[in-house]
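Only the coordinates and a few stated rules stand behind these numbers; no lab work does. A quick note: this is a predicted structure, and the numbers were derived from the prediction, not measured. All Cβ positions, even for glycine, are placed from backbone atoms using ideal geometry, and neighbour counts span all protein chains on display.
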Amino acid sequence: MISPEELFKKVTAHAKEYGFIFQSSEIYDGLGAVYDYGQNGVELKNNLREYWWKSMVQMNENIVGIDAAIFMHPKVWKASGHVDGFSDPMIDNKDSKKRYRADQLLEEQIEKYEKKGKTDKAEALNAAMNKALNDNDLKAMYNLIVEHEIVCPISGTRNWTEVRQFNLMFSTQMGSVADESDAVYLRPETAQGIFVNFLNVQKTGRMKIPFGIAQTGKAFRNEIIARQFIMRMREFEQMEMQFFVKPGTEMEWFAHWKKTRLNWHLALGIPADSYRFHDHEKLAHYANAATDIEFRFPFGFKEVEGIHSRTDFDLRNHQELSGKKLQYFDPETNSSYIPYVIETSIGLDRLFLLLMCSAYREEETGEGDKKEIRTVLALPPQVAPVKVAVFPLTKKDGLPEKARKIMDSLMPSFRCHYEEKDAIGKRYRRHDAIGTPFCITVDHESLQNDTVTLRHRDTMQQERVAIDALEGILFKHTGMSSLLKNAQ
Ligand code: GAP
C-alpha cells in the first residue's frame, strides 16, 4: 500500500519519466511554477480539454464557444476588480529573503495549535485572522505574526518586513513606448474575454436567455507560494463557461450546474468519495452563492473547480466603465435587463493532476520467481494519450508488414503506436505505464486467418479477435461519445 506522500512523489517522477510533464527550461535549472507538457502529456491534456469542450458546446444546444485574445484592454481589469483587489497579503523574511502569504503563515500556526490540542489558542487566532482579512488590516496581520512568534521555516528567524498587498497580475508593455499608460496585463482568468463579448455573441448567434459561452485558454498569475507540482502554477489553463440567466432564476441554475459539473467528473470513473463540495460561507462581494468541487489529492482535499453565482457584477461594471450598454432585450417581456451569470471554472492542469493521481497503480503480477510489480496508469480509455499499440510478435516472417497494415487502417481514427523492439511483455509494460488501454499482437496465426490478440490493460486478459472487428471495438471503448453520454 503506497502512502499518499509516496504516491505524490511517484506520480511526479512518473510524469517526467514517461514524457507527461517537464520542468520549463530545465537545462537552465527551470523556471519556478512553470511546466511544459511532453509527448504523452499534451495528448492527455488535449483529450481532457476535448471532453470538457464537447460536453459544453456539443451537448448543449444553448452553449457556444469563443477564443478571446490573452491581451485585453487595461480597463477590463479595472472593471473586473483585478487591478484593485486581486492581491494577496505578503510578508518577507529579511534573513532568508523568502516571501510568504501572511494568511498562510497564520493558518499553519493555527494547525500547529490544533495538533497540540491548544484549541482555545487556535480559535482565538482564527477569529483574529479572519477579522484582519475582512478589514483588510495589514498591520493587524503583522502584529499577529509577531505576537504568535511565527518563524521563517527557512532561516528560523522572526526578522519580518511589514505585510504588504501584492497584486498577482503580470504586466507588460504594448507598442514601442514603454510608459505607464501602455501597460497591459496577461489575463489572470479567461472569464473576462467572455463578458466583454457577451453582446457580440448574443446578437450574432441570436442567442436567447438562458445561454452560455464557453472558453478554454491560458491564464497567468504571479503566485508567490507555488507548490505541489502543477497544482499552483504561474502559467496555467482554464476551462470556463459563463451561463447568462434572467435575474431571479440564478439559484435554480446554480443548483443545476453544481449537479451537472459533479456528474461530469464522476463520468470519468473516479469514485464519488474522492470528491466533495465546499460551499462558501463567506462570499465575495459580487457573489450570492459559490461552491468548490474538491478532490482528494494525496496532500488532502483541494479545489479543482469553482461554481459561482456572480450576479450582474461583471457585466454591470463593464457597462459603466465602457459606457456601452450590455443588456439583453427580452422579446417575451418586451424589456431589457443585465443578465445574471452562473460561472463554472475548472483548471485544466489541476484536472490533469487529479487524473494522474487517481490513475497511478503499482500491482503485483505473476507467481513465484516470476513475480513482479507492474506500474499502470489506469486512465479512462477515452482520454488516454495512446489508444492502441500494435506489435508484431517477431521482426520476421512478414509479421511487421502485417502489423503495419493494421496500423495504417487504424491511424486515421485512433492515436496508435507501433513497436517491434523487446519481448512482448516489456512492450506491454511500457504501454501500461502510459495508460494505453489496448495492445494488439500480430502473430503467425494472423497471417493465416486475419485474427490478432487483443490485450486489455486493466485485466491483462487477451482475446482473439478478427482484424475487421478492431475498429468497432476501439470506437466502443475509446470513443468520446460513451463518456459524453454518461456525463449527462
Ligand atoms: N473566473 C473564476 C476564477 O478564475 P478561480 O477559483 O480563481 O476562479 C478557477 O480559478 C480554477 O482555476 C481553480 O478551481 C483552479 O482549478 C484553477 N487555478 C486557479 N489558479 C491556479 C493556478 N495558479 N495554477 C493552476 N490552476 C489554477
Reachable lysines from residue 402, criterion Cα separation under 28 angstrom, eight or more residues apart if same chain: 387, 421, 426, 476
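Rounded, prolate or oblate: which one fits the stretch 179-324, using the alpha carbon gyration tensor with axes a ≥ b ≥ c (rounded when a/c is under 1.5, else prolate when a/b beats b/c, else oblate)?
Details: a/c = 1.88, a/b = 1.21, b/c = 1.56.
Verdict is oblate for the stretch 179-324.
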Farthest toward positive dipole pole in the stretch 381-487 [+1 Lys/Arg, -1 Asp/Glu at C-beta], among 384, 459, 428: 384
Cα convex hull of the chain - mean projected area over all directions, nm²: 30.0 nm²
Calculated FRET efficiency for the pair residue 114/residue 420, C-beta based, R₀ 60 Å, to 0.05: 0.55
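Only Lys, Arg, Asp and Glu count, each charged at its Cβ (+1, +1, -1, -1), so figure out the dipole size of the chain about its Cα centre, rounded to 20 debye. Walk me through the numbers on the way to the answer.
Details: 65 positive and 70 negative charges, 79 e Å.
Computed about the Cα centre, the dipole is about 380 debye.
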CD proxy at 222 nm, helix term only [per DSSP H run n ≥ 4: -39500 (n - 2.57); per residue of the chain; nearest 500]: -10500 deg cm²/dmol
Cα-based reach from residue 78 at 25 Å (exclusive), listing lysines while leaving out same-chain residues under 8 positions away: 218, 282, 324, 325
Between 0 and 90°, nearest 10: helix 424-434 axis offset from the chain longest Cα axis: 10 degrees
Among 308, 213, 150 - extreme Cα towards positive end, dipole of the chain, charges at beta-carbon: 213
Sites excluded, GluC sites (Glu not before Pro) in DSSP loops with at most 14 other C-beta within 10 Å, longest stretch of the chain: 368-488
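Applying 1/(1 + (r/R0)^6) with R0 = 41 Å to the Cβ-Cβ distance of residue 263 and residue 334, what FRET efficiency is obtained, to the nearest 0.05? Kindly include the intermediate steps, with their values, before the conclusion.
Working: r = 37 Å, r/R0 = 0.90.
Given R0 = 41 Å and the Cβ-Cβ separation, E is 0.65.
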Cα gyration tensor, the stretch 1-94 - rounded (a/c under 1.5), prolate or oblate: oblate
Angle in degrees between helix 313-322 and the longest Cα principal axis of the chain, rounded to the nearest 10: 70 degrees
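Quote the charge dipole size of the stretch 381-487 about the Cα centre in Debye, to the nearest 20; the model charges only the Cβ of Lys and Arg (+1) and of Asp and Glu (-1).
Values: 17 positive and 14 negative charges, 76 e Å.
Taking the Cα centre of the stretch 381-487 as origin, the dipole is about 360 debye.
So, R0 is 60 Å and r is the distance between the beta-carbons of residue 461 and residue 95; what FRET efficiency does that work out to, to 0.05? Could the numbers behind the result be given before it?
On the way: r = 60 Å, r/R0 = 1.00.
It comes out at approximately 0.50.
How much length is gained if the chain between residue 58 and residue 134 is pulled fully straight, taking 0.36 nm per residue apart and subtracting their Cα-Cα distance, in nm to one decimal?
Values: separation 76, 0.36 × 76 = 27.36 nm, distance 4.19 nm.
Residue separation times 0.36 nm, minus the Cα-Cα distance, leaves 23.2 nm.
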Aspartates and glutamates with Cα under 19 Å of residue 10, excluding same-chain neighbours fewer than 8 positions away: 36, 349, 362, 363, 364, 372, 432
DSSP-assigned coil residues among trypsin sites (Lys or Arg not before Pro) in the stretch 12-111, each with at most 16 further Cβ atoms within 10 Å: 94, 97, 98
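Rounded, prolate or oblate, given the Cα gyration tensor of the stretch 381-487, with a/c below 1.5 counting as rounded?
It is prolate, given that a/c is not under 1.5 and a/b is the larger ratio.
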Inter-centroid distance (Cα atoms) of the stretch 293-310 relative to the stretch 82-146, Å: 22 Å
